[in-house]
Amino acid sequence: MLSINGRNIRRKKTVENAFGDGDDDALLSPSDTPVVRQEPKLSPEHTKLEPALEPHSEQEAASTAVGTDDVSGTEAEADTETVAVAVKVHAKELPVDELIDCVIPLEFDTPMRGEKLLAEIAELKYVGKKPVHFVGITAAGDKDVIATGGAYTTLLAGIQMVSRSGPLNELEYSEFVMKLRAIADNLSAHPDVPDMNRVISNAKELHQFVSEHDAQLSVNIAANGAAWALNTLLAALEKMGFDQRPDGRLMMPDGDGGSLFTLSTNVGVSETMTSRLTLLLDVPCVAPARDGFGAMAACARSLATRLGGIVVDDGNRPISKEALDEIAGQVSEFYSAMEEAQVPAGSVRAQRLFS
């Protein structure tokens, strides 16, 4: 049976000050090697990560304020609407995320203009392969993207602690701190640099989570007889809605600028025929509402019918609709586990971690 690459393992408690004091949780553990598809069952259980630096909860603060104000009638409704608008504004996703970034604040003695900050940080976009982002804190305590015309009392610099390429290491962190100190000197700022050992431990703990949830699903369509001519096949696939990427792989758009799933012809660019197509879903990078697996399974069945092929797993065994429905249930459980871990599938946070 086709299933997400995974096995049940027990999560190890290593950095309690970074990810909370909760009990050990059993997590899904897909293969640690990238895109090596196997066929154990997906059986995730819930886990929860806590940010290394506690973010301010504007929604919680606003809710508390409304609960303590002694207002009534139209005045109360107006205040509630004001709070709702404020919460909506602050709920937007910022490029610095305390859960997945190592965040270093640089405080100023007096508010600093946005254009001056932008000029100083323009060159610091990556350290190694780890992206670096910045946000500012205004005198009112609001966090926002730094903009020309704005004024900020604190600059928050965040370097992403983990991606599929691995966790932040000592050399990357040292380089990040060195460059931030240079920026701080130019701005007469006061950086609050966390201990390297703690940061590296946090990165390794977060990398464990990414490794355990780095799940991909594939289905194949095998020719039931003669191979298919690629020139005819590619034209038909484009009519079905597939876009061809620069690397030659075909992608089914999600309707919002992203990828729902991809298709590979499993042959080199010089080949003219293929007898096998592979559809691949990057599970943590597609939101549940898009039903990526359902769409991929339906596409596989449609292709098999049109091409006179058979839907098979990686072991070339036929896959029934009932088997695909069972896997869809496993995917739903996987999505619930990611939601509980505060890394919803398809979110900006998930796409950054699983990049």
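Largest first and in whole Å, the equivalent-ellipsoid semi-axes of segment 160-267 read 46, 18, 11, each the square root of five times a Cα gyration tensor eigenvalue.
What net charge do the residues around residue 307 carry, taking every other residue with its C-beta under 12 Å from that of residue 307, with Lys and Arg at +1 and Asp and Glu at -1? Each step should come with its number before you reach the end.
Numbers: positive: 276, 301, 306; negative: none.
So the environment of residue 307 carries a net charge of +3.
Phi angles of segment 149-162 translate, via the Karplus equation with coefficients 6.51, -1.76, 1.60 and θ = phi - 60°, into HN-Hα couplings of x, x, 9, 9, 8, 9, 9, 9, 9, x, 10, 5, 7, 8 Hz per residue; Gly and Pro are given as x.
Scanning residues 5 or more positions from residue 312 or on other chains, those with amide H under 5 Å from its amide H are 220, 221, 222, 319, with H placed 1.01 Å from N in the peptide plane.
In the assembled protein chains, residue 177 presents an accessible area of approximately 20 Å² (probe radius 1.4 Å).
Rg ratio for segment 237-322: its Cα radius of gyration over 2.2 N^0.38 Å, N being its residue count, equals 1.10. Here the 3J(HN,Hα) profile of segment 250-263, calculated from phi with Karplus coefficients 6.51, -1.76 and 1.60 at θ = phi - 60°, is 8, 10, 8, x, 8, x, 9, x, x, 10, 8, 7, 10, 9 Hz, Gly and Pro shown as x.
Estimated at 0.36 nm per residue, the fully extended path between residue 270 and residue 224 surpasses their Cα-Cα distance by 14.3 nm. Between amide H atoms placed 1.01 Å from N, distances below 5 Å from residue 153 occur with 112, 137, 138, 139, all of them 5 or more places distant or on a separate chain.
For segment 206-355, report the translational diffusion coefficient in µm²/s to the nearest whole number, using Stokes-Einstein at 37 °C, 0.692 mPa s, and a Kirkwood Rh over Cα pairs. Here the translational diffusion coefficient equals 203 µm²/s.
Beyond 16 Å, what share of the Cα-Cα pairs of segment 133-216 remains, rounded to the nearest whole percent?
On the way: 2144 of 3486 pairs.
When every Cα pair of segment 133-216 is considered, 62 percent fall beyond 16 Å.
3J(HN,Hα) along segment 232-248: 5, 5, 5, 4, 5, 5, 5, 5, 6, x, 6, 10, 8, 8, x, 7, x Hz, from the Karplus curve 6.51 cos²θ - 1.76 cosθ + 1.60 with θ = phi - 60°, whole Hz, x for Gly and Pro. Were the residues from residue 322 through residue 148 laid out at 0.36 nm apart, the gain over their Cα-Cα distance would be 57.0 nm. Collect residues whose amide H, placed 1.01 Å from N in the peptide plane, falls under 5 Å from the amide H of residue 169; neighbours closer than 5 in sequence don't count. Placed amide hydrogens put nothing under 5 Å from residue 169.
The values are calculated or read from the model by the stated rules, or taken from the named source; none is laboratory data. Bear in mind that the values here come from a model prediction, so they are computed numbers and not experimental data. Don't worry about glycine lacking a Cβ; one is built from the backbone with ideal geometry, like all the others, and counts go over all protein chains shown. When the accessible area is computed, the model is the full protein with side chains, heavy atoms only, and any ligands, DNA or RNA have been set aside. Shrake-Rupley method; radii C 1.70, N 1.55, O 1.52, S 1.80 Å.
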